[in-house]
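Structure, as C-alpha cells:
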Amino acid sequence: MQSLKEIYLTLNINKNEIQDSIIYEEKNLISIGKNALGKEIFLSKGCAQAWLKMKDDALKDSINISILSGFRSYKKQYSIIKNKLNRGMPLNKILHENKLPGLSYHHSGNAIDIISNSYKLSLEFEKSLAYLWLVKNAHKYGFYLQYPKDNKSGIMFEPWHWYFKE
Ligand SMILES: [Zn+2]
C-alpha cells in the first residue's frame, strides 16, 4: 500500500470526484522531539519555529501546551481510517472525523494537534485555559483554528487542531 491511487482504490473512492485539492506531502521536515506518548513529532521548519516560540510564551503565562500530532503521511492517514473501518465504523461517518489520505493538512507539516493536561484529543479542550490562551494569542504566531464550530468543511469542530500560515 503506497500510492494515493492504490489507497483510493482500496477504499473504493473515485479520486476524480474529490473536490478538495490534494495536499503535498512535505519532505523537508524537522523533529521537535517526542510527544507525551513517546512518538517523535515532525513539522515543517516554519511551523516548528513558530510552535516553539508559542509554547515558550504560553509557559510564561503558566499555560502548558504540547503537541500530540504533527506531520502525518498518506500511509498513516490511511491506517487511521482502516482501523476505524475494521472496528465497523462506516466510511461516511469516519470522514466527519478524518480527511481522506491526501486531503489532511497534517501532510503539509503545518498542522498541529495541541493538548494541555491530557494525553488525548477531546472536545473538553475547548473548556481549558490553554484553549482560551490559544484563541487569544495563536494568531500572533501564525496559528489558526482549522475546523471552528459550524465550519463548512464537513469535519466536526476540532478545538485542538491548528494550522500554521506564514
Ligand atoms: Zn489535526
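Miscellaneous remarks
- Cross-link check: pairs K27/K53; K15/K53; K120/K140 evaluated at a Cα-Cα cut-off of 29 Å; pairs beyond the cut-off: K15/K53.
- Solvent exposure of the chain as accessible area per residue, Å², 1.4 Å probe: 58
- In the range 1-104, trypsin sites (Lys or Arg not before Pro) in a DSSP loop with at most 15 other beta-carbon atoms within 10 Å: K27, K39, R87
- Theoretical FRET efficiency, 1/(1+(r/R0)^6), r = Cβ-Cβ of K76 and K140, R0 22 Å, to 0.05: 0.15
- Along the range 45-51 the Karplus relation, 6.51 cos²θ - 1.76 cosθ + 1.60 evaluated at θ = phi - 60°, assigns HN-Hα couplings of 4, x, 5, 4, 5, 5, 4 Hz to successive residues, with x for each Gly and Pro.
- Residue among Y144, Y119, Y131 with the largest mean-square fluctuation in a Gaussian network model of the chain, springs linking Cα atoms under 10 Å: Y119
- With Cα atoms defining each centre, the range 56-88 and the range 9-43 are spaced 11 Å apart in the structure.
- Selection of chymotrypsin sites (Phe, Trp or Tyr not before Pro), the range 1-52, meeting DSSP coil and at most 13 other Cβ within 10 Å: Y24
- Residue of H96, H107, H139 that the Gaussian network model of the chain assigns the largest fluctuation, springs spanning Cα pairs under 10 Å: H96
- The chain - mean residue ellipticity at 222 nm from DSSP helices (-39,500 (n - 2.57) per run, n ≥ 4, rounded to 500): -8500 deg cm²/dmol
- Taking Cα centre as origin and charging only the Cβ of basic (Lys, Arg, +1) and acidic (Asp, Glu, -1) residues, the dipole magnitude of the chain rounds to 260 debye.
- Listed pairs K45/K152; K55/K165; K45/K165; K55/K152; K82/K149 exceeding 22 Å between Cα atoms: K45/K152; K55/K152; K82/K149
- Charge dipole (the range 67-166, unit charges on Cβ, about Cα centre) - positive-most of F143, N98, S79: S79
The values are calculated or read from the model by the stated rules, or taken from the named source; none is laboratory data. Owing to the predicted nature of the structure, the values given are computational and were not obtained by experimental measurement. Every residue, glycine as well, gets a Cβ built from its backbone with ideal geometry; the counts of neighbours run over all protein chains shown. What goes into the accessible areas is simple: the full protein's heavy atoms, side chains included, and nothing from ligands, DNA or RNA. Shrake-Rupley method; radii C 1.70, N 1.55, O 1.52, S 1.80 Å.
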